[in-house]
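First comes the structure, then the notes that go with it.
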Amino acid sequence: MSDTHNEHESVIRTPKQLVIAVIGFFAIVIFGIVLLVQFVTTTKLTGAGSNSQAPEEIATRIAPVADDGYTLKDANGPKVLQTGEAIYTSTCAACHGAGVAGAPKFGDAGAWSARISQGYDTVVKHALEGLRAMPAKGGNPDLDDVEVARAVVWMANHAGGKFKEPEVPAAPAAAAAAEPAKDAAK
C-alpha cells in the first residue's frame, strides 16, 4: 500500500522549495528575454551591401516628387527654342526610332531618300500638318514651327540629306520694342 501512495509525490515538498522553483523559473525566463532582445538589437537589419540608412539615401526618399526632373517655366517669358536632337528625342523618337506605322526609321537612308528628294519645304510641311498616320507636329502642339523644322532637318541629315538648319525669325516683341526707340530718336 505504501508504494501506490509514493508515486504521486513531486520534487517540491515544502513551501520553501516551491518559492525557490517559481523564482528560478522567472529568472530563467527573464534571462532568455534579455538574451533575445540583445540578439535582435545588435544585428544590422539592412540587407548585405545596402546603404538604405545613409543620409543621402534618406534625403532622396523624402524629397518632394515635384523636384525630380521638373523645371518651372515662366509662362510669360520668351520661349526658348529646342534643338532638333532634343525635339527628336522627346517627340519623334517614339515613332521614327522603331518605324511605327510606316514612319521612316531614324538614319535609314533608303526610307528617307524619297522624302529628301521631295525637298525641304515639302518634308517640313508634312511634319507641320501631318501626313497619313503622323499627326501634325508629331502629336505635340506645343512645338514651334522652327522646332519641328529643326527636328526634320536633324533626322533627314542623319539619313543622308543636306538640309540647312532653319533660321529663327526675329521675335515680334523685340521688334515692337525697337520701333518706339526709333520714334523717340526722331
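The values are calculated or read from the model by the stated rules, or taken from the named source; none is laboratory data. As the structure is a prediction and not an experimental result, all values here were calculated from the model. Note that we place each Cβ from the backbone using ideal geometry, even for glycine, and neighbour counts take in every protein chain shown. For the accessible areas, the whole protein counts, side chains as well, though only heavy atoms, and no ligand, DNA or RNA atoms are used. Shrake-Rupley method; radii C 1.70, N 1.55, O 1.52, S 1.80 Å.
Brief remarks on what is shown
- Filter result for Thr91 (over 32 Å from the mean Cα position of the chain (by Cα), polar (S, T, N, Q) and open to solvent by less than 80 Å² (accessible area, probe 1.4 Å)): no
- Taking the criterion of being small (Gly, Ala, Ser) and surrounded by 13 or more Cβ atoms within 10 Å (Cβ to Cβ), the residues of segment 110-141 that qualify are Ala111, Ser113, Ala127, Gly130, Ala136, Gly138, Gly139.
- Any chance Ala127 is among the aliphatic types (A, V, I, L, M) and on the phi > 0 side of the Ramachandran plot: no
- Hits in segment 99-155 (condition: in a loop (DSSP other than H, G, I, E, B), of a type in the set (Lys, Arg) and within 29 Å of the chain's Cα centre (by Cα)): Lys105
- A single entry from Glu129, Glu165 fulfils the requirement of being of a type outside the set (Phe, Trp, Tyr), without any contact (Cβ under 8 Å) to a residue 24 or more places away in the chain and farther than 15 Å from Ser90 by Cα: Glu129.
- Meets criteria (modelled with pLDDT of 70 or more and either closer than 15 Å to Asp121 by Cα or among the acidic types (Asp, Glu) (or both)) for Glu167: yes
- Matching residues, segment 82-98, being outside any helix (DSSP H, G or I) and either over 17 Å from Ala149 (Cα atoms) or of a type in the set (Asp, Glu) (or both): Gly97, Ala98
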